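Single-structure report; data block below.
The values are calculated or read from the model by the stated rules, or taken from the named source; none is laboratory data. Not measured: the values here are computed from a predicted model. Note: ideal-geometry Cβ built from the backbone for every residue, glycine included; neighbour counts use all protein chains shown.
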Amino acid sequence: MIEYIQVMFSYTFILRALVVGVLVSLCASLLGVSLVLKRYSMIGDGLSHVGFGAIALATALNFAPMKFTVPVVVIAAVLLLRVSESSKIKGDSAIAMISTGALAVGILAASMTTGMNTDINSYLFGSILAMTKEDVVLSGTLSAIVIVLFLVFYNRIFAVTFDETFAAATGTRVRAYNMLIAVLTSITVVLGMRMMGALLISSLIIFPSLTAMRVCKRFKSVIFMSAVVSVLCFIAGLIISYFASTPTGATVVVINIGIYIIFALISRLLTRKI
Amino acid sequence: MPLITCKNLCLGYEGVTVARDISFSIEKGDYYSIVGRNGSGKSTLMRALLRLKSPDSGEVIYSDDLKQDDIGYLAQQTPVQKDFPASVGEVVLSGCVKRGGLLPFYTAEDRKKADAKMELLGISGLKNKCFRELSGGQQQRALLARALCAAGKILFLDEPVTGLDPVVTTEFFELINNMHKQGMTIVMVSHDIHCAVKYSGKILHMDGGILFNGTAEEYKNSETGAVYIGGHRHD
(Lines give C-alpha, C1' and ligand atoms only; values in the text may rest on other atoms or scores of the structure.)
Protein backbone atom coordinates (compact mmCIF):
# COMPACT_ATOMS: atom_id res chain seq x y z
CA MET A 1 0.00 0.00 0.00
CA ILE A 2 2.70 2.45 1.04
CA GLU A 3 4.62 1.66 -2.12
CA TYR A 4 1.57 2.46 -4.23
CA ILE A 5 1.19 5.78 -2.48
CA GLN A 6 4.89 6.47 -3.02
CA VAL A 7 4.43 5.86 -6.71
CA MET A 8 1.38 8.09 -6.70
CA PHE A 9 3.27 11.00 -5.19
CA SER A 10 6.10 10.61 -7.66
CA TYR A 11 3.84 12.20 -10.27
CA THR A 12 4.42 15.93 -10.42
CA PHE A 13 0.75 16.77 -11.05
CA ILE A 14 -0.30 14.82 -7.95
CA LEU A 15 2.32 16.59 -5.84
CA ARG A 16 1.15 19.96 -7.09
CA ALA A 17 -2.45 19.05 -6.42
CA LEU A 18 -1.48 17.94 -2.93
CA VAL A 19 0.34 21.18 -2.10
CA VAL A 20 -2.39 23.45 -3.47
CA GLY A 21 -5.18 21.31 -2.06
CA VAL A 22 -3.79 21.18 1.47
CA LEU A 23 -3.21 24.94 1.52
CA VAL A 24 -6.66 25.73 0.14
CA SER A 25 -8.35 23.28 2.52
CA LEU A 26 -6.57 24.95 5.41
CA CYS A 27 -7.61 28.47 4.39
CA ALA A 28 -11.17 27.41 3.60
CA SER A 29 -11.63 25.65 6.93
CA LEU A 30 -10.34 28.62 8.95
CA LEU A 31 -12.55 31.15 7.18
CA GLY A 32 -15.44 28.71 7.02
CA VAL A 33 -16.00 28.78 10.78
CA SER A 34 -16.56 32.51 10.73
CA LEU A 35 -18.64 32.44 7.53
CA VAL A 36 -20.94 29.69 8.78
CA LEU A 37 -21.48 31.40 12.14
CA LYS A 38 -22.12 34.77 10.51
CA ARG A 39 -24.68 33.11 8.20
CA TYR A 40 -22.51 34.00 5.23
CA SER A 41 -22.11 30.44 3.86
CA MET A 42 -23.82 31.35 0.62
CA ILE A 43 -21.25 34.05 -0.07
CA GLY A 44 -18.64 31.35 -0.65
CA ASP A 45 -21.00 29.64 -3.06
CA GLY A 46 -21.83 32.88 -4.87
CA LEU A 47 -18.18 33.78 -5.18
CA SER A 48 -17.32 30.44 -6.75
CA HIS A 49 -19.90 31.06 -9.49
CA VAL A 50 -18.44 34.48 -10.10
CA GLY A 51 -15.05 32.77 -10.26
CA PHE A 52 -16.37 30.40 -12.91
CA GLY A 53 -17.69 33.29 -14.98
CA ALA A 54 -14.41 35.14 -14.66
CA ILE A 55 -12.24 32.18 -15.57
CA ALA A 56 -14.36 31.40 -18.63
CA LEU A 57 -14.14 35.04 -19.71
CA ALA A 58 -10.39 35.10 -19.12
CA THR A 59 -9.96 32.06 -21.34
CA ALA A 60 -12.20 33.55 -24.02
CA LEU A 61 -10.27 36.81 -23.99
CA ASN A 62 -6.89 35.13 -23.66
CA PHE A 63 -6.03 36.67 -20.29
CA ALA A 64 -3.93 34.90 -17.67
CA PRO A 65 -6.69 33.04 -15.78
CA MET A 66 -5.57 33.56 -12.16
CA LYS A 67 -4.43 37.15 -12.55
CA PHE A 68 -7.80 38.04 -14.04
CA THR A 69 -10.00 35.94 -11.79
CA VAL A 70 -8.58 36.91 -8.38
CA PRO A 71 -9.32 40.64 -8.70
CA VAL A 72 -12.74 40.06 -10.29
CA VAL A 73 -13.84 37.77 -7.46
CA VAL A 74 -12.41 40.10 -4.81
CA ILE A 75 -14.48 42.94 -6.30
CA ALA A 76 -17.53 40.66 -6.35
CA ALA A 77 -16.97 39.89 -2.66
CA VAL A 78 -16.87 43.58 -1.79
CA LEU A 79 -20.05 44.14 -3.80
CA LEU A 80 -21.85 41.19 -2.22
CA LEU A 81 -21.10 42.46 1.27
CA ARG A 82 -22.25 45.96 0.38
CA VAL A 83 -25.50 44.64 -1.04
CA SER A 84 -26.14 42.39 1.97
CA GLU A 85 -25.62 45.36 4.28
CA SER A 86 -28.00 47.68 2.47
CA SER A 87 -31.16 45.72 2.96
CA LYS A 88 -32.94 47.04 -0.15
CA ILE A 89 -32.37 43.77 -1.98
CA LYS A 90 -32.22 40.97 0.56
CA GLY A 91 -28.77 39.49 0.98
CA ASP A 92 -29.61 35.96 -0.11
CA SER A 93 -31.47 37.08 -3.24
CA ALA A 94 -28.54 39.33 -4.11
CA ILE A 95 -26.16 36.41 -3.87
CA ALA A 96 -28.46 34.26 -6.01
CA MET A 97 -28.69 37.02 -8.62
CA ILE A 98 -24.97 37.56 -8.83
CA SER A 99 -24.06 33.88 -8.84
CA THR A 100 -26.53 32.75 -11.49
CA GLY A 101 -25.75 35.83 -13.54
CA ALA A 102 -22.04 35.12 -13.45
CA LEU A 103 -22.68 31.47 -14.29
CA ALA A 104 -24.65 32.47 -17.38
CA VAL A 105 -21.96 34.89 -18.54
CA GLY A 106 -19.32 32.22 -18.02
CA ILE A 107 -21.21 29.60 -20.00
CA LEU A 108 -21.80 32.05 -22.87
CA ALA A 109 -18.14 33.07 -22.93
CA ALA A 110 -16.95 29.50 -22.85
CA SER A 111 -19.37 28.28 -25.52
CA MET A 112 -18.39 31.07 -27.89
CA THR A 113 -14.72 30.18 -27.74
CA THR A 114 -14.49 26.48 -27.17
CA GLY A 115 -17.92 25.25 -28.08
CA MET A 116 -18.98 23.69 -24.77
CA ASN A 117 -16.26 21.04 -24.65
CA THR A 118 -14.51 19.42 -21.74
CA ASP A 119 -13.15 22.76 -20.53
CA ILE A 120 -16.55 23.66 -19.09
CA ASN A 121 -16.66 20.34 -17.36
CA SER A 122 -13.30 20.88 -15.73
CA TYR A 123 -14.24 24.39 -14.62
CA LEU A 124 -17.47 23.25 -13.05
CA PHE A 125 -16.33 20.03 -11.47
CA GLY A 126 -12.60 20.59 -11.20
CA SER A 127 -9.58 18.93 -12.65
CA ILE A 128 -6.55 17.68 -10.87
CA LEU A 129 -4.48 18.31 -13.97
CA ALA A 130 -5.17 22.01 -13.90
CA MET A 131 -2.27 23.01 -11.68
CA THR A 132 0.74 24.56 -13.38
CA LYS A 133 3.97 25.38 -11.61
CA GLU A 134 3.02 29.08 -11.47
CA ASP A 135 -0.32 28.12 -9.92
CA VAL A 136 1.50 26.32 -7.13
CA VAL A 137 3.72 29.32 -6.43
CA LEU A 138 0.76 31.72 -6.54
CA SER A 139 -1.39 29.46 -4.38
CA GLY A 140 1.42 29.06 -1.87
CA THR A 141 1.97 32.80 -1.58
CA LEU A 142 -1.69 33.74 -1.39
CA SER A 143 -2.62 31.03 1.10
CA ALA A 144 0.32 32.01 3.28
CA ILE A 145 -1.06 35.56 3.28
CA VAL A 146 -4.56 34.33 4.10
CA ILE A 147 -3.33 32.18 7.00
CA VAL A 148 -1.07 34.89 8.46
CA LEU A 149 -3.81 37.54 8.27
CA PHE A 150 -6.29 35.16 9.84
CA LEU A 151 -3.95 34.42 12.75
CA VAL A 152 -3.01 38.06 13.28
CA PHE A 153 -6.63 39.17 13.34
CA TYR A 154 -7.94 36.02 15.05
CA ASN A 155 -9.18 37.80 18.19
CA ARG A 156 -10.90 40.51 16.24
CA ILE A 157 -12.44 38.03 13.83
CA PHE A 158 -13.81 36.21 16.87
CA ALA A 159 -15.21 39.44 18.32
CA VAL A 160 -16.83 40.45 15.04
CA THR A 161 -18.22 36.96 14.44
CA PHE A 162 -19.69 36.60 17.91
CA ASP A 163 -21.27 40.02 18.19
CA GLU A 164 -20.99 42.67 15.51
CA THR A 165 -22.98 45.26 17.44
CA PHE A 166 -20.86 45.00 20.57
CA ALA A 167 -17.67 45.13 18.54
CA ALA A 168 -18.88 48.21 16.67
CA ALA A 169 -20.09 49.94 19.85
CA THR A 170 -16.74 49.45 21.55
CA GLY A 171 -14.81 50.79 18.60
CA THR A 172 -13.79 47.83 16.43
CA ARG A 173 -13.98 48.59 12.73
CA VAL A 174 -16.53 45.92 11.96
CA ARG A 175 -16.95 46.73 8.28
CA ALA A 176 -13.22 46.52 7.69
CA TYR A 177 -13.06 43.08 9.28
CA ASN A 178 -16.12 41.84 7.40
CA MET A 179 -14.41 43.04 4.26
CA LEU A 180 -11.20 41.28 5.25
CA ILE A 181 -13.09 38.01 5.75
CA ALA A 182 -14.85 38.39 2.39
CA VAL A 183 -11.65 39.22 0.52
CA LEU A 184 -9.73 36.33 2.07
CA THR A 185 -12.63 34.04 1.19
CA SER A 186 -12.65 35.16 -2.41
CA ILE A 187 -8.92 34.49 -2.74
CA THR A 188 -9.39 31.03 -1.23
CA VAL A 189 -12.32 30.26 -3.52
CA VAL A 190 -10.37 31.18 -6.65
CA LEU A 191 -7.34 29.19 -5.57
CA GLY A 192 -9.33 26.06 -4.92
CA MET A 193 -11.83 26.41 -7.71
CA ARG A 194 -9.91 24.89 -10.57
CA MET A 195 -9.04 21.75 -8.73
CA MET A 196 -12.26 21.31 -6.77
CA GLY A 197 -14.59 22.78 -9.38
CA ALA A 198 -16.69 25.93 -9.22
CA LEU A 199 -19.74 24.00 -8.07
CA LEU A 200 -17.92 22.12 -5.33
CA ILE A 201 -15.40 24.52 -3.80
CA SER A 202 -17.82 26.04 -1.29
CA SER A 203 -18.22 22.66 0.37
CA LEU A 204 -14.60 23.00 1.55
CA ILE A 205 -15.68 26.14 3.37
CA ILE A 206 -18.86 24.78 4.90
CA PHE A 207 -18.39 21.10 5.73
CA PRO A 208 -15.27 21.08 7.93
CA SER A 209 -16.52 23.88 10.16
CA LEU A 210 -19.96 22.33 10.58
CA THR A 211 -18.31 19.01 11.33
CA ALA A 212 -16.09 20.59 13.98
CA MET A 213 -19.02 22.42 15.55
CA ARG A 214 -20.79 19.12 16.17
CA VAL A 215 -18.27 18.11 18.81
CA CYS A 216 -16.16 21.12 19.83
CA LYS A 217 -17.30 23.62 22.41
CA ARG A 218 -14.61 26.26 22.28
CA PHE A 219 -13.99 28.57 19.36
CA LYS A 220 -10.30 27.76 19.33
CA SER A 221 -10.92 24.02 19.23
CA VAL A 222 -13.57 24.46 16.52
CA ILE A 223 -11.00 26.28 14.38
CA PHE A 224 -8.31 23.69 15.05
CA MET A 225 -10.59 20.70 14.48
CA SER A 226 -12.01 22.26 11.34
CA ALA A 227 -8.50 22.68 9.92
CA VAL A 228 -7.49 19.11 10.79
CA VAL A 229 -10.71 17.62 9.35
CA SER A 230 -10.42 19.67 6.20
CA VAL A 231 -6.80 18.79 5.44
CA LEU A 232 -7.22 15.09 6.26
CA CYS A 233 -10.39 14.82 4.16
CA PHE A 234 -8.59 16.40 1.25
CA ILE A 235 -5.59 14.07 1.46
CA ALA A 236 -7.86 11.05 1.81
CA GLY A 237 -9.96 12.24 -1.12
CA LEU A 238 -6.91 12.76 -3.29
CA ILE A 239 -5.53 9.28 -2.56
CA ILE A 240 -8.88 7.53 -3.04
CA SER A 241 -9.62 9.39 -6.25
CA TYR A 242 -6.23 8.33 -7.61
CA PHE A 243 -6.78 4.65 -6.92
CA ALA A 244 -10.47 4.56 -7.77
CA SER A 245 -10.07 6.85 -10.80
CA THR A 246 -12.83 9.13 -9.53
CA PRO A 247 -12.99 12.93 -9.90
CA THR A 248 -10.95 14.42 -7.05
CA GLY A 249 -13.26 17.31 -6.12
CA ALA A 250 -16.36 15.15 -5.80
CA THR A 251 -14.45 12.48 -3.87
CA VAL A 252 -13.21 15.03 -1.33
CA VAL A 253 -16.74 16.36 -0.84
CA VAL A 254 -18.20 12.87 -0.35
CA ILE A 255 -15.56 12.09 2.28
CA ASN A 256 -16.42 15.36 4.02
CA ILE A 257 -20.07 14.31 4.09
CA GLY A 258 -19.11 10.96 5.59
CA ILE A 259 -17.00 12.56 8.32
CA TYR A 260 -19.80 15.02 9.07
CA ILE A 261 -22.24 12.18 9.58
CA ILE A 262 -19.80 10.34 11.86
CA PHE A 263 -19.25 13.48 13.96
CA ALA A 264 -22.98 14.12 14.15
CA LEU A 265 -23.50 10.58 15.47
CA ILE A 266 -20.69 11.02 18.00
CA SER A 267 -22.22 14.25 19.28
CA ARG A 268 -25.60 12.50 19.59
CA LEU A 269 -24.03 9.73 21.67
CA LEU A 270 -22.12 12.19 23.85
CA THR A 271 -25.17 14.28 24.68
CA ARG A 272 -27.24 11.19 25.40
CA LYS A 273 -24.72 10.05 28.01
CA ILE A 274 -25.07 13.32 29.88
CA MET B 1 -18.71 68.78 31.66
CA PRO B 2 -21.22 65.92 31.19
CA LEU B 3 -19.90 62.63 29.78
CA ILE B 4 -22.40 62.71 26.92
CA THR B 5 -24.62 65.55 25.75
CA CYS B 6 -27.41 65.24 23.17
CA LYS B 7 -28.41 68.42 21.40
CA ASN B 8 -31.68 68.56 19.45
CA LEU B 9 -31.21 65.02 18.24
CA CYS B 10 -33.53 63.73 15.50
CA LEU B 11 -33.43 60.02 14.79
CA GLY B 12 -35.07 57.99 12.07
CA TYR B 13 -34.84 55.15 9.60
CA GLU B 14 -34.98 55.76 5.86
CA GLY B 15 -36.75 59.08 6.12
CA VAL B 16 -39.20 58.08 8.85
CA THR B 17 -38.49 59.95 12.06
CA VAL B 18 -38.88 57.84 15.20
CA ALA B 19 -37.76 60.41 17.75
CA ARG B 20 -37.24 64.15 17.51
CA ASP B 21 -35.78 67.01 19.45
CA ILE B 22 -33.94 65.00 22.07
CA SER B 23 -31.77 67.11 24.35
CA PHE B 24 -30.36 65.77 27.58
CA SER B 25 -27.04 64.99 29.16
CA ILE B 26 -25.49 62.11 31.04
CA GLU B 27 -23.28 63.11 33.96
CA LYS B 28 -20.52 61.05 35.48
CA GLY B 29 -22.02 58.68 38.05
CA ASP B 30 -25.57 58.84 36.65
CA TYR B 31 -27.83 55.79 36.59
CA TYR B 32 -30.21 56.55 33.75
CA SER B 33 -33.13 54.34 32.77
CA ILE B 34 -34.66 54.95 29.36
CA VAL B 35 -38.26 53.74 29.36
CA GLY B 36 -41.24 53.93 27.04
CA ARG B 37 -43.52 51.71 24.98
CA ASN B 38 -42.33 49.64 22.01
CA GLY B 39 -41.34 51.77 19.04
CA SER B 40 -40.89 54.90 21.12
CA GLY B 41 -37.29 55.29 19.98
CA LYS B 42 -35.50 54.06 23.12
CA SER B 43 -33.23 51.55 21.43
CA THR B 44 -32.66 53.91 18.52
CA LEU B 45 -31.51 56.57 20.97
CA MET B 46 -29.15 54.09 22.56
CA ARG B 47 -27.72 53.17 19.16
CA ALA B 48 -27.10 56.84 18.53
CA LEU B 49 -25.39 57.25 21.91
CA LEU B 50 -23.16 54.30 20.99
CA ARG B 51 -22.28 55.78 17.60
CA LEU B 52 -23.93 52.81 15.87
CA LYS B 53 -26.35 55.14 14.16
CA SER B 54 -25.83 58.66 12.91
CA PRO B 55 -28.57 61.15 13.77
CA ASP B 56 -30.66 62.79 11.03
CA SER B 57 -29.99 66.12 12.69
CA GLY B 58 -28.62 67.42 15.95
CA GLU B 59 -25.50 66.07 17.59
CA VAL B 60 -24.12 63.86 20.32
CA ILE B 61 -21.17 65.44 22.11
CA TYR B 62 -18.76 63.30 24.08
CA SER B 63 -16.62 64.67 26.87
CA ASP B 64 -12.90 64.71 26.10
CA ASP B 65 -12.08 62.10 28.71
CA LEU B 66 -14.64 59.61 27.40
CA LYS B 67 -12.98 57.48 24.75
CA GLN B 68 -14.64 54.66 22.85
CA ASP B 69 -12.39 52.34 24.87
CA ASP B 70 -14.25 53.41 28.01
CA ILE B 71 -17.62 52.17 26.80
CA GLY B 72 -19.15 48.82 27.71
CA TYR B 73 -22.30 47.57 26.04
CA LEU B 74 -24.67 44.76 26.83
CA ALA B 75 -26.72 44.33 23.68
CA GLN B 76 -29.83 42.30 23.09
CA GLN B 77 -28.85 38.76 22.23
CA THR B 78 -28.68 37.82 18.58
CA PRO B 79 -29.76 34.49 17.05
CA VAL B 80 -26.11 33.90 16.10
CA GLN B 81 -25.13 33.72 19.76
CA LYS B 82 -27.74 31.14 20.68
CA ASP B 83 -25.76 28.30 19.09
CA PHE B 84 -22.29 29.80 19.15
CA PRO B 85 -19.50 27.34 19.90
CA ALA B 86 -17.31 29.34 22.26
CA SER B 87 -16.35 28.97 25.89
CA VAL B 88 -17.44 31.55 28.44
CA GLY B 89 -13.78 32.47 28.93
CA GLU B 90 -13.38 33.24 25.23
CA VAL B 91 -16.54 35.34 25.16
CA VAL B 92 -15.58 37.40 28.21
CA LEU B 93 -12.02 37.91 27.00
CA SER B 94 -13.33 39.26 23.68
CA GLY B 95 -14.41 42.35 25.62
CA CYS B 96 -10.71 43.16 25.90
CA VAL B 97 -10.04 43.30 22.15
CA LYS B 98 -7.70 46.22 21.74
CA ARG B 99 -9.71 48.57 19.62
CA GLY B 100 -7.51 50.37 17.16
CA GLY B 101 -4.43 49.06 18.96
CA LEU B 102 -1.86 47.16 16.97
CA LEU B 103 -1.27 44.25 19.33
CA PRO B 104 -2.98 41.24 17.77
CA PHE B 105 -3.06 39.09 20.91
CA TYR B 106 -4.41 39.41 24.44
CA THR B 107 -1.96 40.40 27.17
CA ALA B 108 -1.62 38.73 30.56
CA GLU B 109 -3.29 41.84 31.96
CA ASP B 110 -6.33 41.30 29.72
CA ARG B 111 -6.63 37.72 30.94
CA LYS B 112 -6.40 38.82 34.56
CA LYS B 113 -9.08 41.43 33.95
CA ALA B 114 -11.40 38.88 32.33
CA ASP B 115 -10.86 36.47 35.24
CA ALA B 116 -11.59 39.23 37.74
CA LYS B 117 -14.85 40.17 36.02
CA MET B 118 -15.99 36.53 35.93
CA GLU B 119 -15.13 36.25 39.62
CA LEU B 120 -17.10 39.42 40.32
CA LEU B 121 -20.19 38.05 38.59
CA GLY B 122 -19.86 34.60 40.11
CA ILE B 123 -19.28 32.74 36.86
CA SER B 124 -15.65 31.69 37.32
CA GLY B 125 -16.83 28.09 37.51
CA LEU B 126 -18.33 28.40 34.02
CA LYS B 127 -15.12 29.62 32.36
CA ASN B 128 -14.61 26.47 30.30
CA LYS B 129 -18.28 25.80 29.69
CA CYS B 130 -19.78 26.26 26.26
CA PHE B 131 -21.71 29.50 25.92
CA ARG B 132 -24.64 27.89 24.10
CA GLU B 133 -25.18 25.41 26.95
CA LEU B 134 -25.73 28.06 29.63
CA SER B 135 -29.09 29.18 30.99
CA GLY B 136 -30.44 32.58 29.97
CA GLY B 137 -29.32 34.19 33.22
CA GLN B 138 -25.83 32.71 32.99
CA GLN B 139 -25.48 33.86 29.37
CA GLN B 140 -26.49 37.35 30.41
CA ARG B 141 -23.89 37.34 33.19
CA ALA B 142 -21.21 36.21 30.74
CA LEU B 143 -22.16 39.02 28.37
CA LEU B 144 -22.16 41.49 31.26
CA ALA B 145 -18.67 40.33 32.23
CA ARG B 146 -17.59 40.94 28.65
CA ALA B 147 -19.15 44.41 28.71
CA LEU B 148 -17.32 45.15 31.96
CA CYS B 149 -14.01 44.17 30.36
CA ALA B 150 -14.65 46.92 27.83
CA ALA B 151 -16.26 49.45 30.17
CA GLY B 152 -13.92 51.84 31.88
CA LYS B 153 -16.41 54.54 32.72
CA ILE B 154 -19.83 53.91 31.27
CA LEU B 155 -22.00 50.87 30.76
CA PHE B 156 -24.89 50.74 28.31
CA LEU B 157 -27.51 48.02 28.72
CA ASP B 158 -30.25 47.33 26.18
CA GLU B 159 -33.14 45.48 27.80
CA PRO B 160 -30.81 43.27 29.83
CA VAL B 161 -33.48 41.31 31.69
CA THR B 162 -35.75 40.36 28.78
CA GLY B 163 -36.60 36.68 29.06
CA LEU B 164 -35.13 36.23 32.55
CA ASP B 165 -37.22 34.92 35.43
CA PRO B 166 -38.09 37.27 38.35
CA VAL B 167 -35.44 35.89 40.71
CA VAL B 168 -32.66 36.20 38.16
CA THR B 169 -33.98 39.63 37.15
CA THR B 170 -33.70 40.92 40.72
CA GLU B 171 -30.19 39.44 41.04
CA PHE B 172 -29.24 41.14 37.82
CA PHE B 173 -30.50 44.54 38.95
CA GLU B 174 -28.59 44.11 42.22
CA LEU B 175 -25.41 43.42 40.22
CA ILE B 176 -25.89 46.56 38.16
CA ASN B 177 -26.64 48.50 41.32
CA ASN B 178 -23.33 47.37 42.80
CA MET B 179 -21.47 48.46 39.67
CA HIS B 180 -23.13 51.84 39.98
CA LYS B 181 -22.13 52.17 43.63
CA GLN B 182 -18.55 51.47 42.62
CA GLY B 183 -18.62 54.50 40.36
CA MET B 184 -19.77 53.15 36.99
CA THR B 185 -22.09 55.36 34.98
CA ILE B 186 -25.10 53.29 33.86
CA VAL B 187 -27.47 53.88 30.95
CA MET B 188 -30.16 51.26 30.58
CA VAL B 189 -33.08 50.70 28.23
CA SER B 190 -35.64 48.74 30.19
CA HIS B 191 -39.19 47.48 30.03
CA ASP B 192 -39.15 46.65 33.73
CA ILE B 193 -40.50 49.98 34.91
CA HIS B 194 -40.72 48.96 38.58
CA CYS B 195 -37.08 47.96 38.79
CA ALA B 196 -36.14 51.05 36.80
CA VAL B 197 -37.87 53.31 39.30
CA LYS B 198 -36.52 51.35 42.26
CA TYR B 199 -32.86 51.25 41.25
CA SER B 200 -32.07 54.09 38.89
CA GLY B 201 -31.40 57.69 39.80
CA LYS B 202 -32.83 59.25 36.68
CA ILE B 203 -35.58 58.33 34.24
CA LEU B 204 -35.89 59.32 30.62
CA HIS B 205 -39.35 58.51 29.28
CA MET B 206 -39.48 58.42 25.50
CA ASP B 207 -42.39 58.57 23.10
CA GLY B 208 -41.25 59.90 19.76
CA GLY B 209 -39.31 62.42 21.80
CA ILE B 210 -38.71 63.07 25.46
CA LEU B 211 -41.90 62.89 27.53
CA PHE B 212 -40.16 63.08 30.86
CA ASN B 213 -36.62 63.64 32.05
CA GLY B 214 -35.78 63.85 35.74
CA THR B 215 -35.08 61.89 38.89
CA ALA B 216 -36.91 58.68 39.68
CA GLU B 217 -38.62 60.39 42.63
CA GLU B 218 -39.97 63.16 40.42
CA TYR B 219 -41.04 60.58 37.88
CA LYS B 220 -43.13 58.66 40.41
CA ASN B 221 -44.99 61.85 41.25
CA SER B 222 -45.35 63.04 37.68
CA GLU B 223 -48.40 62.47 35.52
CA THR B 224 -46.42 60.55 32.87
CA GLY B 225 -44.91 58.35 35.53
CA ALA B 226 -48.18 57.69 37.32
CA VAL B 227 -49.84 56.56 34.10
CA TYR B 228 -46.94 54.40 32.94
CA ILE B 229 -46.25 52.78 36.29
CA GLY B 230 -49.99 52.23 36.51
CA GLY B 231 -51.82 50.55 39.33
CA HIS B 232 -49.24 47.85 39.88
CA ARG B 233 -46.99 49.79 42.17
CA HIS B 234 -44.90 47.37 44.25
CA ASP B 235 -43.39 49.46 46.97
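Just a few scattered comments:
- Residue count, the range B:125-163 (criterion: under 24 Å from residue B:108 (Cα atoms) and part of a helix (DSSP H, G or I)): 13
- Residue A:36 meets the conditions (1) away from chain B (no Cβ under 14 Å); (2) under 30 Å from residue A:154 (Cβ atoms); (3) within 16 Å of the chain's Cα centre (by Cα) in every case but one. The failed one is (1).
- Residue within the range B:164-178 that is touching a helix residue (DSSP H, G or I) at 6+ places or on another chain (Cβ under 8 Å) and part of a loop (DSSP other than H, G, I, E, B) present: yes
A quick yes/no check of all residues on (1) over 11 Å from the mean Cα position of the chain (by Cα); (2) under 23 Å from residue B:212 (Cβ atoms); (3) touching a residue at least 40 places away in the same chain (Cβ under 8 Å):
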site	(1), (2), (3)
B:179	yes, no, no
B:185	no, yes, yes
B:192	yes, yes, no
B:196	yes, yes, yes
B:201	yes, yes, yes
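- Residue match in the range A:184-195 (condition: within 14 Å of chain B (Cβ to nearest Cβ) and of a type in the set (Lys, Arg)): no
- Filtered by the rule that a residue be surrounded by fewer than 19 Cβ atoms within 10 Å (Cβ to Cβ) and at pLDDT 90 or above, the range B:31-46 gives no residues.
- Which numbered condition residue B:88 misses (of (1) within 30 Å of residue A:267 (Cα to Cα); (2) surrounded by fewer than 18 Cβ atoms within 10 Å (Cβ to Cβ)): (2)
- Check on residue A:170, loosely packed, with under 15 Cβ neighbours inside 10 Å and without any contact (Cβ under 8 Å) to a residue 12 or more places away in the chain: no
- Candidate set: the range B:52-77, residues that are within 17 Å of residue B:152 (Cα to Cα) and charged (D, E, K, R); chosen: the one surrounded by the most Cβ atoms within 10 Å (Cβ to Cβ): B:70
- Among residues of the range B:138-167 being surrounded by fewer than 17 Cβ atoms within 10 Å (Cβ to Cβ) and small (Gly, Ala, Ser), the one that is nearest to the other protein chains (Cβ to nearest Cβ) is B:152.
- Exactly one residue out of A:238, A:270 is more than 21 Å from the chain's Cα centre (by Cα) and not small (Gly, Ala, Ser), and it is A:270.
- Residue list for the range A:222-238, filter: surrounded by 19 or more Cβ atoms within 10 Å (Cβ to Cβ) and over 16 Å from residue A:24 (Cβ atoms): A:222, A:223, A:225
- Search result, residues across the range B:98-137 that are within 20 Å of residue A:161 (Cα to Cα), surrounded by fewer than 22 Cβ atoms within 10 Å (Cβ to Cβ) and of a type in the set (A, V, I, L, M, F, W, C): B:102, B:103, B:105, B:130, B:134
- Restricting the search to helices (runs of 4 or more DSSP H) fully inside the range B:1-111 and requiring at least 3 residues that are within 28 Å of residue A:212 (Cβ to Cβ) gives B:79-82, B:88-93.
- The set of residues in the range A:11-39 that are over 21 Å from residue A:251 (Cα atoms) and free of Cβ contacts under 8 Å to residues at least 12 places away in the same chain contains only A:39.
- Only one of the numbered conditions (1) surrounded by 17 or more Cβ atoms within 10 Å (Cβ to Cβ); (2) closer than 17 Å to residue A:67 by Cβ; (3) of a type in the set (A, V, I, L, M) is violated by residue A:146, and that is (2).
- Looking across the range B:148-176, the residues that are free of Cβ contacts under 8 Å to residues at least 60 places away in the same chain, more than 14 Å from residue B:31 (Cα to Cα) and under 13 Å from the mean Cα position of the chain (by Cα) come down to B:161, B:172.
- Checking each residue in the range A:185-221 for being within 21 Å of residue B:97 (Cα to Cα) and surrounded by 24 or more Cβ atoms within 10 Å (Cβ to Cβ) picks out only A:219.
- Qualifying residue in the range B:122-130 (condition: more than 10 Å from every other protein chain (Cβ to nearest Cβ), within 30 Å of residue B:214 (Cα to Cα) and touching a Leu at 6+ places or on another chain (Cβ under 7 Å)): no
- Residue in the range B:60-68 that is of a type outside the set (Asp, Glu) and away from chain A (no Cβ under 14 Å) present: yes
- Of everything in the range A:9-47 that is at pLDDT below 85 and either out of contact with any Leu (no Cβ under 8 Å at 6 or more places or on another chain) or of a type in the set (Lys, Arg) (or both), the residue that is surrounded by the fewest Cβ atoms within 10 Å (Cβ to Cβ) is A:39.
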